[in-house]
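Report on one structure; see the data block that follows.
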Amino acid sequence: MENPRADYHKRYRGKYSCDDCGKSYTWKPSLTRHKREECGKDPQFSCPFCKIKIRRSGVLKRHLIHVHKWASYTETSHLF
Ligand SMILES: [Zn+2]
Ligand SMILES: [Zn+2]
């Protein structure tokens, strides 16, 4: 007996690439989310300690201070 979910996956699995930035995704919903939430938005920053992706430098600063108890910006100020 056919599993309708498997069929769903077959139908939506493929190569979907963003026509604005060329980023490609296996799943169509991922591309839709990318276009809605990421594409053309502020560049992503990533925490040098835990590699979490953060969209805004101000949020990254807060993250560093609160999560990593980081007090000095000077050494990594080039990241901002
Ligand atoms: Zn894009
Ligand atoms: Zn972190």
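The values are calculated or read from the model by the stated rules, or taken from the named source; none is laboratory data. Note that the structure is a prediction, hence the values are computed from the model and not measured. Glycine also receives a Cβ, built like all others from the backbone with ideal geometry; neighbour counts cover every protein chain displayed.
Is it the case that region 65-73 has a residue that's of a type in the set (G, A, S) and modelled with pLDDT under 85?
Residues of region 65-73 that are of a type in the set (G, A, S), as a first pass: 71-72.
Filter again for modelled with pLDDT under 85, leaving 71-72.
Checked against the condition, which is being of a type in the set (G, A, S) and modelled with pLDDT under 85, region 65-73 yields at least one hit.
Of all residues being in a strand (DSSP E or B) and within 10 Å of the chain's Cα centre (by Cα) in region 22-68, which is surrounded by the most Cβ atoms within 10 Å (Cβ to Cβ)? Just the residue, please. Break it down stepwise before answering.
In the first step, residues of region 22-68 are kept if they are in a strand (DSSP E or B); the result is 24-27, 45-46, 53-54.
Within this subset, residues satisfying the condition of being within 10 Å of the chain's Cα centre (by Cα) are 45-46, 53-54.
On the way: F45: 19, S46: 12, K53: 10, I54: 17.
Ranking the qualifying residues of region 22-68, first place goes to F45.
So the check is Cβ under 9 Å with 6+ separation or different chains; which pairs have a first residue in region 25-47 that's at pLDDT 90 or above and a second one that's aliphatic (A, V, I, L, M) and surrounded by 15 or more Cβ atoms within 10 Å (Cβ to Cβ)?
Here the result reads Y25/L31; C47/I54; C47/L60; C47/L64, each pair linking region 25-47 to a residue that is aliphatic (A, V, I, L, M) and surrounded by 15 or more Cβ atoms within 10 Å (Cβ to Cβ).
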